[in-house]
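See below for the structure under consideration.
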Amino acid sequence: MELPILLIFSLSFFWFIIKPYVQSKSRKNLPPGPTGLPIIGSLLKLGSKPNQSLTKLAKIHGPLMTLKLGSLTTIVVSSADVAKEILHKHDETFSARIVPVAVAAQPNPEGTIAWVNGDHTWKKKRRFLSTQMFTNQRLDSLQELRHQKAEQLVNHIRKQCEDGVAVDIGRVAFATTLNLISNTIFSIDMVDPEFKTAHEFKELVWTIMEDAGVPNLSDYFPVLKWLDLQGVRRRIRPAYLRLHEIFDEAIEKRVEGRAAGMKKKGDFLDVLLDQCEDDGSGFGTTIKPLMVQDLFIAGSDTSAITTEWAMAELLRSPQELKKVRQEIIQQIGTERPVQESDIDKLPYLQAVVKEAMRLHPAVSLLLPHKAQNDIEVLGYTVPKDSQVFVNAWAIGRDPKSWVRPLEFLPERFIESSVDYKGRDFEFIPFGAGRRICPGLPLAIRMVNLILASIIQPFSWKLPDGMVPEKLDMEEQFGVSLRKATPLVAIPSMEENKVIF
């Protein structure tokens, strides 16, 4: 009796896995795409850098492409025109999310903004962020805290400069971004003045961002989810729990202080606690996940990565670096540090940041959308429950939208109306439509401030006589796209007398 039962179970299990694959073959009018292998589909074609692999496949199969990834039908968007169809014309249909196992491993993932479906609760939280937290008035009121953290960064680099020590740009940018965000949220530093405690945070955040971004069999074969074959849940869960512990300590101090009559600081935490008191919601289950996932993890990692890529491109193009620094000196001088209010006077700096985001979008594959029903897009059928990837990396390098797309040319954004706010679909580093990144106003302030702050007082060069053309620009894929080899550079103040 045991053999027939085992055989029946095995056949049933096998059919459960291949059924979606067989069904997909029977569906007509899907967008074109590669012919996948039985059961696994095109999983092997993703490789270690899916953003690049999918770009190459799109050149063969077109900017609206179908891939079978395990049991999941996946639609890949690789051009501005198609992105506009998905993120603007059919925005509501594609407003839902496919939530990876790595994301679901965090406590109370339903409290996030980035990953939950676009339902009424999501709309309410999104509206709250837009009207209460990321307004210009709110951000302006907290900018002095961010100025202090930028000055702390400059002082740290000055000490490195005096000691003749090279600077790990990504590490100091990450530490500074952590403190910029933690001061905006909590009015406290998460990292010490010498940035020695930044390592733990960076490891925690990158564990989450890397594991949440790499292809996971549990996502493409849901029946195998409980096995956690790649150990993603096992690795990522402790990182989430550790961050929650760190947040709990800061939150508990604030709650106790408010109960004792402490004056409100007016930061994001006070705003969130006020909201919880007004609507009676539980902080731990509804607000803390938003702070951990959407504000702290996403904000610190992506902003630091963008800063590092921008500096890498400038060090590869010394004339561009010189041009940015001259603009800062001419407009602001050297008697005081750069402030956020100065950024509008620095159009070339802003162009450098935009160009860095075009070539190296922090999130190269926008967080996966989900089709809520069958829908026709450009004459093809995108089936219900399919996963939709928008390849921002490919769109930013599309020769149909950009002249000399692989070159770093900040000038292309001077006197150009193209912006990152979701209206120009050839340039969507923050996404577009209703799921555009709500933290965009804070992120762009932080990146511009950090970059200007480290360029103003210092001349920079690559270490060990490295020529700019030899700088390693390889990428490491995750939810965010970081530089595979950390950027190390040597600051100097010797040239200040000449330039100033």
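Any read-out appearing in this document is the output of simple, stated calculations on the displayed coordinates, not a laboratory observation. What you see is a predicted model; the values in this text were computed from it and never measured. Cβ atoms come from the backbone with ideal geometry, glycine included; neighbour counts cover every protein chain shown.
Descriptive notes on the structure:
- Electrostatic tally near Arg146: other residues with Cβ closer than 11 Å to its Cβ, Lys and Arg +1, Asp and Glu -1, net -2.
- Angle in degrees between helix 440-455 and the longest Cα principal axis of the chain, rounded to the nearest 10: 40
- Per-bin percent of Cα-Cα distances, segment 2-499 [10 Å]: 4, 19, 29, 26, 16, 6, 2, 0, 0
- Angle in degrees between helix 143-162 and the longest Cα principal axis of the chain, rounded to the nearest 10: 70
- Computed E for Glu407/Leu229 - FRET, C-beta separation, R0 56 angstrom, nearest 0.05: 0.85
- In terms of distances greater than 21 angstrom between alpha carbons, the cross-link table entries Lys68/Lys400; Lys45/Lys68; Lys196/Lys264; Lys45/Lys384 yield Lys68/Lys400; Lys196/Lys264; Lys45/Lys384.
- Distance from segment 419-488 to segment 142-157 (C-alpha centre basis), Å: 19
- Residue-span extension gain [Lys322 to Lys384] - 0.36 nm each, minus C-alpha spacing: 17.2 nm
- Sorted fewest first by neighbouring Cβ atoms within 10 angstrom, Cys437, Cys161 come out as Cys161, Cys437.
- Cα point-scatterer Debye curve for segment 381-500, base-10 log of I(q)/I(0) at q = 0.17, 0.22 Å⁻¹: -1.25, -1.50
- Long-range HN-HN contacts of Val388 with modeled amide H, under 5 Å: Ile75, His369, Lys370, Ala371
- Translational D in µm²/s for segment 325-460 (Stokes-Einstein at 20 °C, 1.002 mPa s, Kirkwood Rh from C-alpha pairs): 128
- Residue exposure sequence - Ile428, Ile454, Ile444, Ile436 - by fewest surrounding Cβ within 10 Å: Ile436, Ile444, Ile454, Ile428
- Farthest toward positive dipole pole in the chain [+1 Lys/Arg, -1 Asp/Glu at C-beta], among Pro438, Leu180, Ile75: Ile75
- Spatially, segment 54-91 and segment 317-384 are offset by 23 Å when compared through their Cα centroids.
- Here's how it looks for Asp424: its modeled amide H is under 5 Å from those of Asp419, which are all 5 or more places away or on a different chain.
- Of the residues Phe477, Gln339, Gly41, the one whose Cα sits farthest toward the positive end of the charge dipole of the chain, with +1 on the Cβ of Lys and Arg and -1 on the Cβ of Asp and Glu, is Gly41.
- Helix-only arithmetic for the chain: the sum of -39500 (n - 2.57) across DSSP H runs with n ≥ 4, divided by the residue total, places the mean residue ellipticity at 222 nm at -14500 deg cm²/dmol.
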